[in-house]
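Just so it is clear, none of the values below were taken in a lab; they were calculated from the coordinates. No experiment lies behind these values; they were computed from the predicted model shown. Using ideal geometry, Cβ is built from the backbone for each residue, glycine included, and neighbour counts are taken over all protein chains shown.
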Amino acid sequence: MTKFSDLALDPRVLKAVAEAGYETPTPIQAQAIPHALAGKDVLGIAQTGTGKTASFTLPMITLLGQGRAKARMPRSLVLAPTRELAAQVAENFDVYAKYTKLTKALLIGGVSFGEQDKLIDRGVDVLIATPGRLLDHHERGKLLLTGVQIMVVDEADRMLDMGFIPDIERIFSLTPFTRQTFFYSATMAPEIERITNTFLSGAVKVEVARQATTSTTIEQKLIQFTPSRKDKSFAEKRAVLRALIKAEGESCTNAIIFCNRKMDVDVVSKSLKAHGFNASPIHGDLDQSVRTKTLDGFRDGSVHLLVASDVAARGLDIPAVSHVFNFDAPSHPEDYVHRIGRTGRAGRLGKAYTIAVPSDEKYLTAIEALVKQPIPRGEVPAGALEGASDQPERAREERGSSRSRSRGPRERGAKPVEAVVAAAVVAAPVVAAVEAAPEQQPRAERPRREDERRHESRGEHRSEGRSSEGRGEHRHDHRGEGRSDSNRENTRTEGRSDQRGEYRRDDRRDHRGSRDNGERVVGMGDHVPDFILRSFAISTVTADEPEELAATGSEG
């Protein structure tokens, strides 16, 4: 059996590997490291969790043992699709290179450019980056890639899924053609094969497992059910998820729950917390500090359930994950291989459950065609769908629905007959008063009409006051003297202010009068909503009539 000591690695690297507790290389490591040390390009195809990171990190450290880095010109470059995977590669480098003097820099989003610029300016031997942040530094003139001797593209198929292939091609064009290239992927899509044919020269293909196969240490189950109603599918899937977690009991030491959408990640996480589970979300919209803190908590056991999008599906090395739950069937079949590959790592046993509804059938067919085997079917836990709606969420929905019913006239159909009758009795005097009100007039005439109505109530004017003559006299009384005065502007201003003051005093007297002698008060301005003008035939509402008729009433 091959050991690390048989692979011609640097003695300092072998010492670090031994201290990390490793003696025997994995198949991908045993086959790829000799070709890498010989200076050849390597195309590695292996399923996730097989030790691909060490298969390029160990030969890199050995090959870079001699030489010195120049400012802004890294000697090697490692590209990773996500921040978490890039940070994990950096951690592996720290472990295996601790007895060497090699330097590194990590360029990922969510971190200030200033700190990263300082590292680059001093010169680094190993530059680990995500494509977007790397190109940002290059476009700012802070980074040159002409000194790259070794270039690594990790999780290339994930790069393809995330749309990074144009960036990868551009980065390749910025590096010298004499570089040595390591290209690693779990699957081999046609686009990936095109890139390898373009940018790799005489590459040695190392394939230790059939493409897109799942590990034999993972027990898979497919839980299919039909929702009682389409709009209840999401809530019932959450109920099935909770039932599966409870059914596993203490054997579920920790678990990763995968959702297809970031929004669903937050909802599922909050739902699990509301039911007493220790869960935290992680997805691409969270700050990097929050994502790092959540992952650290999951590794040290303070977080039991990690609800994640596919940002956590690739390359994260968390060896002791006991379960994986696919809350959503992945839309890309390759993602299924990577998701369930988070469990059953390093020879451990793991379980992977996938929850599916009838609309997921096309995704399941594609997954089974990719892995060349059917996924074993499982049963929905007994009682999982009884009272599937979340109790805290149901209470919130009931409160929200009661508010919506009280706000709109369309929801009155849900009120009982007694409530409609009572509302009609209360509203009848108001409706009668509004129907008796005169037609609406333009806003400019509003103060004058109110004044005339007040005079009518006192017996000082009759209905003729609404004629055009009355309005002419009214204007003459207030403005005639103002026009004959030499200081026209001052008098006009005084006239308007006196007029407004008179209206305000009259308003106050009218309000007091309405309280004292019961005079009618017209409210709500000049606009009366249509539903107030609706009349109710109270006598026609009986307990024997249908609820819809009792709720709407009849218009008379």
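Here are a few things to note about the model shown:
- Amide H partners (placed H, <5 Å) of His283, local residues excluded: none
- Cα-projected label distance for Lys205 with Lys232, points at 7 Å along beta-carbon direction, nm: 5.2 nm
- The convex hull built on the alpha-carbon positions of region 281-353 has an orientation-averaged projected area of 4.9 nm².
- For q = 0.34 Å⁻¹, Debye-computed log10 I/I(0) when each Cα of region 1-45 counts as one equal scatterer: -1.25
- Computed from backbone phi with θ = phi - 60° and the Karplus coefficients 6.51, -1.76 and 1.60, the 3J(HN,Hα) list for region 21-28 is x, 10, 10, 10, x, 6, x, 5 Hz; x is used for glycine and proline.
- Semi-axes of the equivalent ellipsoid of region 161-316 are 37, 19, 17 Å, computed as sqrt(5λ) over the eigenvalues of the C-alpha gyration tensor in descending order.
- For the residue pairs Lys262/Lys351; Lys118/Lys293; Lys3/Lys372, the C-alpha atoms sit more than 27 angstrom apart in Lys3/Lys372.
- Packing-based exposure ordering (other Cβ within 10 Å, fewest first) of Phe531, Phe225, Phe327, Phe56: Phe531, Phe225, Phe327, Phe56
- Amide H contacts of Gly44 (H built 1.01 Å from N, in plane; Pro and chain starts excluded): Phe183, Tyr184, Ser185, Val206 sit under 5 Å, all sequence-distant by 5 or more or on other chains.
- Distance (nanometres) between label positions extended 7 Å along Cα→Cβ at Arg377 and Asp287: 4.8 nm
- If R0 is 30 Å, the Cβ-Cβ spacing of Tyr22 and Leu349 corresponds to a FRET efficiency of close to 0.90.
- Nonlocal amide H pairs with Gln180, under 5 Å, H built at 1.01 Å: Ile150, Met151
- Net charge over other residues, Cβ less than 13 angstrom from the Cβ of Ile367 (K, R count +1; D, E count -1): -3
- Prolate/oblate/rounded call for region 4-207, Cα gyration tensor, a/c under 1.5 rounded: oblate
- Gap separating the Cα centres of region 148-200 and region 272-298, nearest whole Å: 31 Å
- Ascending count of other beta-carbon atoms within 10 Å, so fewest first, for Leu79, Leu200: Leu200, Leu79
- Inter-probe distance in nm under a simple model that places probes 7 Å from Cα toward Cβ, at Tyr99 and Glu250: 4.1 nm
- As computed over region 135-175, the Cα convex hull volume per residue (Å³): 70 Å³
- Charge dipole magnitude, Cβ of K and R +1, D and E -1 - region 218-391, Cα centre, debye nearest 20: 60 debye
- Solvent-free Debye scattering, log10 I(q)/I(0), computed from the Cα coordinates of region 227-280 at q = 0.25, 0.26, 0.28, 0.29 Å⁻¹: -1.13, -1.19, -1.29, -1.33
- Cα gyration tensor shape of region 251-322, rounded if a/c is under 1.5, else prolate or oblate by comparing a/b with b/c: rounded
- For region 218-391, the spread of Cα positions along each principal axis, largest first, Å: 41, 40, 31
- Along each principal axis, Cα extent of region 1-107, largest first, Å: 43, 29, 27
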